[in-house]
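The values are calculated or read from the model by the stated rules, or taken from the named source; none is laboratory data. This structure is a prediction, so every number in the text was calculated from the model and none was measured. Glycine also receives a Cβ, built like all others from the backbone with ideal geometry; neighbour counts cover every protein chain displayed. All accessible areas refer to the heavy atoms of the entire protein, side chains included, with ligands and DNA or RNA removed. Shrake-Rupley method; radii C 1.70, N 1.55, O 1.52, S 1.80 Å.
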Number of protein chains: 6
Amino acid sequence: MEKNIVEEFNTYRAQMNEKILGADNKVLKRLFNLDTNCYQEGQVDVITKEMIGMACSMVLRCDDCVRYHLGKCYELEVTTEQVFEVFAIANLIGGTIVIPHLRRAVEYWETLQQNQGK
Amino acid sequence: MEKNIVEEFNTYRAQMNEKILGADNKVLKRLFNLDTNCYQEGQVDVITKEMIGMACSMVLRCDDCVRYHLGKCYELEVTTEQVFEVFAIANLIGGTIVIPHLRRAVEYWETLQQNQGK
Amino acid sequence: MEKNIVEEFNTYRAQMNEKILGADNKVLKRLFNLDTNCYQEGQVDVITKEMIGMACSMVLRCDDCVRYHLGKCYELEVTTEQVFEVFAIANLIGGTIVIPHLRRAVEYWETLQQNQGK
Amino acid sequence: MEKNIVEEFNTYRAQMNEKILGADNKVLKRLFNLDTNCYQEGQVDVITKEMIGMACSMVLRCDDCVRYHLGKCYELEVTTEQVFEVFAIANLIGGTIVIPHLRRAVEYWETLQQNQGK
Amino acid sequence: MEKNIVEEFNTYRAQMNEKILGADNKVLKRLFNLDTNCYQEGQVDVITKEMIGMACSMVLRCDDCVRYHLGKCYELEVTTEQVFEVFAIANLIGGTIVIPHLRRAVEYWETLQQNQGK
Amino acid sequence: MEKNIVEEFNTYRAQMNEKILGADNKVLKRLFNLDTNCYQEGQVDVITKEMIGMACSMVLRCDDCVRYHLGKCYELEVTTEQVFEVFAIANLIGGTIVIPHLRRAVEYWETLQQNQGK
């Protein structure tokens, strides 16, 4: 069976993260560690943090980062309507230059939903 | 009495927005209008939307946009601890290049609190 | 027959735009609408607007946006010499970081010309 | 008499350009030279090139670059309606994050017009 | 035998550069020329210049530019430990949004090393 | 005696850093800590790291970050010729949009030299 874009993304990400951490650079290791810490429950809840992460990734136009946070939003049961409201903010702030990334985000979100059905 | 950075920002913003809308360019007028609509209560609540707006402004490193959303967060009674958690996400995603904007954001947030006391 | 990069781009773009508009998010719908309005003949003519759109897309380094505006420029019979003068401005303003996008833009422009011959 | 923002910009720009060229770095000198060449009449006319330069500067959110090209547009008798149509394209492509730069651009354009009357 | 990512990159780059230079646009030709000049031995040595070029490409998140400078670093016998220290600076300055580019850079660096062994 | 731009920058920076660290946000504290670690002597020497930091700050167009790294370069006795070679790389990669930041960097570098004489 062919791998879909969600699986491809997750596999490559896991594989390369392992190599990066294996290189044993202290600054990079600690940066990765901080990244995990940052999205944990605090005074701001986890769902809001993931929405923020997704919107920031979108205005900065990083498809892989958008994918990562969309995956988290999906796990946290953010609804499609909510995801589109966050997309709307990101596209308004970031402008029409963001639209190609919106297209790919919508495709990824659909794939997340379809994988679920399997 | 000397104007502080909050008052200065608000005055200049109001003054120039009036000129922009007065120029009667349909695309700009509708863009401004969309901007108001976008942050209204929907499936995502207003506080989350303002936090998202603030974080996106910070990673895109726009001091004036950060100020605007900080003002809104203050009105909506977001706490200092919460604001700093959003700052942390933005600075981690955007990197240390964001830190000078963090400095100015912290100064602005303090001024918002001090104005309150007046 | 194999699809070329122009056809691939147009198909994916049409397909995803339909999904985005189908999601019925008011802000996104109006943003898409504004996008159409903005490039219409006004005090600035359509060709100039498309050149501006293309140059802005290039300095912001969005391949898909460059492709879209190159397609429009081609329909409007902008010449290759003119397109390269706009490329030159964009690469000078945006710097050598833009060059990889220039490469892909040149490939796309060639494909537009070759499709014509079919 | 107090200097206004147009005069201040021009003075500082001239002063620092002189120092930069005086440092005798060959790459920088040739880059400055290219910058002059790039906006000269060619297959694309000078007014279009300045509009492109202004729009690119705006989406990249560089106030000084916007000012420079606005000055050129003013000399070339671009009308206020035309300037606002270019502003509209830049703000739509670049998003609401561009608005603070639009405010400062509008202020600068007004000052250019007022200096004229002196 | 299948082409790997290093060979693919080099082939496409060479091919498109030829077309760009063939278009005979004076500004672009001189910009390409400057690009060659800029990284030549001067008061700053060639290795440092390539490290700077690589780090700048990484914070600006251009995979192709990172690849180009990684290729040069490899030829100049920069060690893996050194490359990772430069990666660390770029990822700290540019933030976690740079991480997906780090993944692709690490993959490219490995391929450079494997090609060597052939 | 009037404060100059170097002193102003250092004072504001120190003052605001204190407030940021005082807010006791763990992610921000660790990010600041990482920032210090990252530029320490390693397989890449301190001068090269500061040059990289400066160039990255310049292509990302952050005046305050450029200032910080220029200050460090000055302490490390990087020469004016070397600083200009790094400026040249950054302006070529980042394009003419970087020039206004180059102007301010040159002014800052001069002030660093003048303060020395005091």
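What number of residues in segment A:69-100 are within 14 Å of chain D (Cβ to nearest Cβ) and either of a type in the set (A, V, I, L, M, F, W, C) or surrounded by 24 or more Cβ atoms within 10 Å (Cβ to Cβ) (or both)? The total comes to 13. With respect to residue D:98, is the statement that it is assigned to a loop (DSSP other than H, G, I, E, B) and within 21 Å of residue B:26 (Cβ to Cβ) true? The answer is no for residue D:98. Answer with yes or no whether residue F:86 is out of contact with any Leu (no Cβ under 9 Å at 6 or more places or on another chain), modelled with pLDDT of 95 or more and within 24 Å of residue D:33 (Cα to Cα). Yes: the conditions hold for residue F:86. Only residues that are open to solvent by 10 Å² or more (accessible area, probe 1.4 Å) and either more than 7 Å from every other protein chain (Cβ to nearest Cβ) or more than 17 Å from residue A:91 (Cβ to Cβ) (or both) were counted in segment B:54-63, giving 2. Taking the criterion of being hydrophobic (A, V, I, L, M, F, W, C) and farther than 30 Å from residue E:81 by Cβ, would at least one residue in segment F:51-61 satisfy it? No, every residue in segment F:51-61 fails to be hydrophobic (A, V, I, L, M, F, W, C) and farther than 30 Å from residue E:81 by Cβ. Can you confirm whether segment F:42-50 contains a residue that is open to solvent by 20 Å² or more (accessible area, probe 1.4 Å), farther than 22 Å from residue D:11 by Cβ and part of a helix (DSSP H, G or I)? Scanning segment F:42-50, I find at least one residue that is open to solvent by 20 Å² or more (accessible area, probe 1.4 Å), farther than 22 Å from residue D:11 by Cβ and part of a helix (DSSP H, G or I), so the answer is yes. Would you be able to tell me the number of residues in segment E:19-39 that are outside any helix (DSSP H, G or I) and open to solvent by 60 Å² or more (accessible area, probe 1.4 Å)? Number of matching residues: 1. When A:66, A:27, A:6 are checked against the criterion of being within 11 Å of chain E (Cβ to nearest Cβ) and more than 21 Å from residue F:31 (Cα to Cα), A:66 stands alone in meeting it.
Counting the residues of segment A:21-68 that are without any contact (Cβ under 8 Å) to a residue 40 or more places away in the chain and touching a Ser or Thr at 6+ places or on another chain (Cβ under 6 Å) gives 3. Residue check: residue F:36 meets all listed conditions (1) over 17 Å from the mean Cα position of the chain (by Cα); (2) under 23 Å from residue B:92 (Cβ atoms) but one, namely (1).
The set of residues from segment A:1-18 being surrounded by fewer than 14 Cβ atoms within 10 Å (Cβ to Cβ) and part of a helix (DSSP H, G or I) comprises A:7, A:8, A:11, A:14, A:15, A:18. Once segment B:30-53 is narrowed to residues that are aliphatic (A, V, I, L, M) and more than 11 Å from chain D (Cβ to nearest Cβ), the residue that is farthest from residue B:71 (Cα to Cα) is B:44. Can residue B:110 be described as of a type in the set (Asp, Glu), over 30 Å from residue D:81 (Cβ atoms), free of Cβ contacts under 8 Å to residues at least 24 places away in the same chain and not in a helix (DSSP H, G or I)? Considered against the rule, which asks whether it is of a type in the set (Asp, Glu), over 30 Å from residue D:81 (Cβ atoms), free of Cβ contacts under 8 Å to residues at least 24 places away in the same chain and not in a helix (DSSP H, G or I), residue B:110 comes out as no.
Here residue A:112 meets the list (1) within 23 Å of residue C:62 (Cα to Cα); (2) open to solvent by less than 30 Å² (accessible area, probe 1.4 Å); (3) in contact with a Gly (Cβ under 9 Å, 6 or more places away or on another chain) almost entirely, failing just condition (1). A search for C-beta distances below 7 Å between a residue of segment F:82-98 that is among the polar types (S, T, N, Q) and any residue that is open to solvent by 10 Å² or more (accessible area, probe 1.4 Å) and not in a helix (DSSP H, G or I), counting only pairs 6+ apart in sequence or on different chains, returns F:82/E:43. Among the residues of segment A:67-91, those identified as outside any loop (DSSP other than H, G, I, E, B), among the aliphatic types (A, V, I, L, M) and within 18 Å of residue A:114 (Cβ to Cβ) are A:70, A:83.
For residue D:9, the criteria (1) free of Cβ contacts under 8 Å to residues at least 40 places away in the same chain; (2) within 12 Å of the chain's Cα centre (by Cα) hold in every case but one, which is (1).
Residues are listed down the side, and each one gets a yes or a no for (1) closer than 29 Å to residue D:64 by Cα; (2) among the acidic types (Asp, Glu):
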position: C:66; (1), (2): yes, no
position: C:77; (1), (2): no, yes
position: C:84; (1), (2): yes, no
position: C:88; (1), (2): yes, no
position: C:101; (1), (2): yes, no
position: C:106; (1), (2): no, no
position: C:112; (1), (2): no, no
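Scanning segment D:52-64 for residues that are out of contact with any Cys (no Cβ under 7 Å at 6 or more places or on another chain) and not in a loop (DSSP other than H, G, I, E, B) turns up D:52, D:53, D:58, D:63, D:64.
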